[in-house]
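The structure under discussion appears below in the form of structure tokens.
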Amino acid sequence: MAKASASSTSGKSGRSSTGKKPEAQPDNAGDNFELRSLQDSFEKDKTYKASEDELLGFYKQMLLIRRFEERAGQLYGLGYIGGFCHLYIGQEAVAVGIQSALEVGKDSVITGYRDHGHMLAYGIDPKIIMAELTGRQAGISHGKGGSMHMFSTEKGFYGGHGIVGAQVPLGAGLAFAHQYNEDGGLCATYFGDGASNQGQVYETFNMASLWNLPIIFIVENNQYAMGTSVKRSSAETEFYRRGTAFRIPGMKVNGMDVLEVHQATQIAADHVRSGKGPVLMELETYRYRGHSMSDPAKYRTREEVQGVRDKSDPIEKAKAYLIEMGYDEEKLKQIDKDIRAQVAEAADFAENSPEPEASELYTDVLVGNY
Amino acid sequence: MAIEIKMPALSPTMEEGTLAKWLVKEGDNVTAGDILAEIETDKATMEFEAVDEGTVGKILIEEGAENVAVGTVIAMLAEEGEDASSIEAPAATPEESESKPADEEKPASASSAEIMTKDQPKPKKADPEIPPGTNMVSATVREALRDAMAEEMRLDERVFVMGEEVAEYQGAYKVTQDLLAEFGPKRVIDTPITEYGFAGIGTGAAMGGLRPVVEFMTFNFAMQAIDHIINSAAKTNYMSGGQMRCPVVFRGPNGAASRVGAQHSQNYAPWYSAVPGLIVIAPYDASDAKGLLKAAIRCEDPVVFLENELIYGKSFELAQLDDHVLPIGKARTMREGNDVTIVSYSIGVGLALEAAEKLAEDGIDAEVIDLRTIRPLDREAVLESLAKTNRLIIAEEGFPQCSVAAEIQAICMEDGFDHLDAPVLRVCNEDVPLPYAANLEKMALIDSDRIIAAVKKVCYVD
């Protein structure tokens with residue numbers, strides 16, 4: 001690519017007074033200094049000390065996501081939901097653990113196409129999410145976005161993006177706006193192990209680190225990019241190390257334990273909020289269902305899936321914590337029943353509310369009238 | 001109450017399938033997530049999971065059954081406390097009695113929707129009058145563009161400029177000259193050479209409430225970033241039901257420059273003009289460059305603003321006004337005439353005007369229309385001029401196939417047929433990658449002689 005002119009006035013120019021990176025360390029510092037510092041402090045105490053109320057809140061949110069997604073899968077099977085539909089079952093602790101450590105109204109969040117779970121974790125009404133899935137007027141995008149394209153700017157949730165990896169620079173743009181406006185917010189930018197191999201992710205790492213943007217990059221490593229396992233797609237499967245070349249500290253976190261996720265996010269958020277620039281978190285997780293509804297999932301064994309469900313299910317883990325705390329098991333049964341009822345109500349609403357008016361076809365193409 | 005388990009649709013297009021294998025039997029207890037059966041679609045064999053807890057009561061469709069329609073009840077599940085053995089099959093065949101609501105009410109056809117809202121009244125727009133006595137100065141397009149950005153940056157703190165070499169280097173083509181000195185590095189930002197990345201960051205910043213002006217050193221390099229322009233910037237407002245706006249301006253030189261070869265010489269106006277959700281502007285002179293860039297920065301929609309390197313240094317008369325803002329979506333009559341209309345935009349307008357002067361010597365009175373905005377296109381201006389002159393050609397510095405010229409031809413044919421006294425012709429570049437050699441490059445690009453020849457042809461002279 002030939003640029004118009006050859007002269008290069010190189011050298012970093014800090015964008016703002018707070019935007020300067022610390023001076024580069026000697027070469028031998030490598031992976032040892034600040035790039036490991038967050039992981040080290042996390043290793044000292046990995047489990048967030050949640051109160052019973054907090055833990056119960058996490059449990060309920062995760063269970064809501066699980067039951068909602070199961071129902072969405074069922075509605076897909078019945079033809080109420082069309083197109084692509086990517087379920088979050090198995091990954092619930094990631095969205096819930098991270099969201100609970102953010103500040104609603106101050107921080108922003110952006111993710112890819114597997115977004116229903118995130119929407120629920122940010123407290124958005126399951127009815128309008130389900131109605132979007134069924135393509136109804138009452139849906140959060142009036143039925144014009146569908147499963148992969150949902151947004152709630154009111155809650156700081158910026159989508160819902162269907163192009164793998166595109167949300168990463170968009171998230172850095174949101175972080176840029178936080179820095180520009182000096183509003184103290186950060187952007188939590190989620191992407192998968194598959195998106196991690198997109199070039200624009202690294203273009204973004206470079207600029208985010210260069211400009212010290214307030215962003216947490218979150219790799220939800222669910223082990224498979226559609227049908228390709230991380231070992232078959234990635235030269236470096238330890239995704240948290242992939243920021244090293246850009247001097248972004250990494251953290252590896254068990255994404256199946258909501259308390260660990262919450263704890264790690266607090267450490268990452270403190271680092272970002274103190275003006276030290278981006279953090280890269282890798283959350284090791286697992287999706288129980290196929291990539292989308294039409295995935296026969298022949299690239300892994302039934303035993304592998306069952307093994308994760310039996311040994312590491314995030315909801316069972318939270319339940320065990322609650323029982324350990326002395327929480328009444330009977331009450332948990334009641335919670336499950338209540339959530340089932342809530343999801344059934346959302347499904348009824350989504351099945352029975354009207355499709356968009358024909359006039360919606362032409363609304364919101366442009367904001368202005370030209 | 002017993003739960004009906006129905007034959008699922010396992011792909012967006014599946015209508016029926018084979019129940020290949022049951023993995024549970026009557027009397028088994030299942031929990032959500034347990035695999036019940038294997039189902040063969042035309043594409044693959046899929047596992048079918050339980051969504052509810054319960055005991056398998058009756059299996060209604062035996063394994064091996066083929067062509068089982070989606071929605072058919074294949075088994076019954078007893079809930080906690082129910083006697084699984086006493087469950088009966090449902091009376092009616094459910095896939096017939098229970099049609100989906102989505103099928104019951106077919107959406108109104110697009111044509112009726114069109115009547116309802118497509119043709120919402122457009123505001124009657126015209127360029128603002130220039131008050132008598134206004135001081136007219138000479139300005140280059142380059143200066144006009146820079147002044148537009150500077151004025152908007154003074155008015156609105158949210159406006160910032162980012163791109164390669166826009167700050168310390170003062171702009172690869174000096175369009176951002178002196179902005180760094182006035183606004184500082186927070187608002188005039190040098191990026192690395194990373195188009196895809198910074199186009200995404202600019203788009204995200206707009207979603208976050210800022211007003212980015214993203215400069216591409218040329219639009220040839222924006223092809224690396226076109227995903228964000230089209231998929232991220234143009235579509236989000238629609239997909240979010242109007243929640244998420246994206247007021248970003250992507251600007252930079254477009255079209256052939258001089259002797260830079262095929263990869264650096266391309267007009268992207270037809271590409272971007274094909275995308276609903278974008279505004280596409282391609283000005284010709286300094287006044288339009290300034291007035292329309294200011295309008296673009298204030299616009300709530302994403303704008304692709306196509307400049308031209310070869311006219312950056314050209315001087316034009318510019319009214320000295322406090323706030324020179326022009327309407328988006330409005331063409332401009334550059335020269336009035338009665339015999340024939342030449343429609344053009346960007347650098348083609350200069351060639352069209354040159355051709356019109358020469359044609360006048362031959363007694364042909366040509367009207368020249370500058371589209372200025374390519375999307376939304378000012379169809380009315382084209383059709384009004386056609387109704388007046390009855391002959392029309394389009395001059396476009398770009399490839400002929402699927403060009404803006406082709407679109408104008410279609411508009412004239414569809415909506416101006418009765419006014420036509422001759423076929424609508426287009427004058428475009430040759431349909432080849434732009435060559436480097438000086439003589440070949442000249443042969444490949446449009447010029448005023450070719451415009452004159454086309455005009456004479458539609459006027460049936462020579």
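The values are calculated or read from the model by the stated rules, or taken from the named source; none is laboratory data. Everything quoted here is computed from the prediction, not taken from an experiment. Virtual Cβ from ideal backbone geometry, glycine too; neighbours counted across all protein chains shown. SASA here: full protein model, heavy atoms, side chains in, ligands and nucleic acids out. Shrake-Rupley method; radii C 1.70, N 1.55, O 1.52, S 1.80 Å.
Does residue A:261 satisfy the condition of being modelled with pLDDT of 95 or more, buried (at least 21 other Cβ atoms within 10 Å of the Cβ), within 30 Å of residue A:75 (Cβ to Cβ) and among the β-branched types (Val, Ile, Thr)? When the stated conditions are applied, residue A:261 passes them. With the structure loaded, tell me whether residue B:72 is modelled with pLDDT under 50 and either open to solvent by less than 60 Å² (accessible area, probe 1.4 Å) or of a type in the set (Val, Ile, Thr) (or both) or whether it fails that test. For residue B:72, the condition - modelled with pLDDT under 50 and either open to solvent by less than 60 Å² (accessible area, probe 1.4 Å) or of a type in the set (Val, Ile, Thr) (or both) - is not met. In this structure, residue B:55 does not qualify as surrounded by fewer than 17 Cβ atoms within 10 Å (Cβ to Cβ), at pLDDT 80 or above and of a type in the set (S, T, N, Q).
Selection of segment B:122-151 for residues being within 14 Å of chain A (Cβ to nearest Cβ) and open to solvent by 80 Å² or more (accessible area, probe 1.4 Å) yields B:122, B:124. A single entry from B:182, B:165, B:151 fulfils the requirement of being touching a residue at least 40 places away in the same chain (Cβ under 8 Å) and part of a helix (DSSP H, G or I): B:151.
Among the residues making up segment B:412-433, those that are crowded, with 18+ Cβ neighbours inside 10 Å and within 25 Å of the chain's Cα centre (by Cα) are B:412, B:426, B:427, B:428, B:429. Do we find that residue A:293 is among the hydrophobic types (A, V, I, L, M, F, W, C), over 17 Å from the mean Cα position of the chain (by Cα) and part of a helix (DSSP H, G or I) in this structure? The answer is no for residue A:293. Taken over segment A:204-242, the criterion of being crowded, with 24+ Cβ neighbours inside 10 Å and within 18 Å of residue A:283 (Cβ to Cβ) is satisfied by A:205, A:215, A:216, A:217, A:218, A:219, A:220, A:221, A:239, A:240.
Of all residues in segment A:102-159, exactly one satisfies the criterion of being within 20 Å of residue A:67 (Cβ to Cβ), acidic (Asp, Glu) and open to solvent by 10 Å² or more (accessible area, probe 1.4 Å), namely A:125.
Looking only at segment A:81-117, count how many residues are part of a helix (DSSP H, G or I), under 24 Å from residue A:48 (Cα atoms) and modelled with pLDDT under 95. Total meeting the criteria: 1. Take the residues in segment A:306-318 that are within 17 Å of residue A:66 (Cα to Cα) and open to solvent by less than 60 Å² (accessible area, probe 1.4 Å); name whichever of them is nearest to the other protein chains (Cβ to nearest Cβ). Going through the qualifying residues, I end up with A:309. All conditions in (1) within 13 Å of another protein chain (Cβ to nearest Cβ); (2) assigned to a loop (DSSP other than H, G, I, E, B); (3) of a type outside the set (S, T, N, Q) hold for residue B:321, with the sole exception of (1).
Looking at segment A:91-108, can you tell me whether even one residue there is touching a helix residue (DSSP H, G or I) at 6+ places or on another chain (Cβ under 9 Å), more than 14 Å from every other protein chain (Cβ to nearest Cβ) and among the hydroxyl-bearing types (Ser, Thr, Tyr)? Checked segment A:91-108: at least one residue is touching a helix residue (DSSP H, G or I) at 6+ places or on another chain (Cβ under 9 Å), more than 14 Å from every other protein chain (Cβ to nearest Cβ) and among the hydroxyl-bearing types (Ser, Thr, Tyr).
Pairs meeting the criteria (first residue in segment B:376-398 and closer than 21 Å to residue B:428 by Cβ and in contact (Cβ under 8 Å) with a residue 60 or more places away in the chain, second residue buried (at least 21 other Cβ atoms within 10 Å of the Cβ) and among the aromatic types (Phe, Trp, Tyr), beta carbons under 8 Å, at least 6 apart or on different chains) are B:396/B:345.
Give the residue that is farthest from the other protein chains (Cβ to nearest Cβ), with candidates limited to residues of segment B:36-47 that are open to solvent by 30 Å² or more (accessible area, probe 1.4 Å) and under 41 Å from the mean Cα position of the chain (by Cα). In this case the residue turns out to be B:42.
Residues that are within 14 Å of chain B (Cβ to nearest Cβ) and touching a strand residue (DSSP E or B) at 6+ places or on another chain (Cβ under 7 Å) within segment A:191-200 comprise just one, A:191. For segment B:11-34, the set of residues classified as hydrophobic (A, V, I, L, M, F, W, C) and at pLDDT 85 or above consists of B:19, B:20, B:22, B:23, B:24, B:30, listed by residue number. Residue A:363 meets all of the listed conditions (1) within 14 Å of chain B (Cβ to nearest Cβ); (2) over 30 Å from residue B:376 (Cβ atoms); (3) surrounded by fewer than 18 Cβ atoms within 10 Å (Cβ to Cβ) but one, namely (2). Against the conditions (1) out of contact with any Leu (no Cβ under 6 Å at 6 or more places or on another chain); (2) over 27 Å from residue A:137 (Cα atoms); (3) modelled with pLDDT of 85 or more, residue B:8 satisfies every one except (2).
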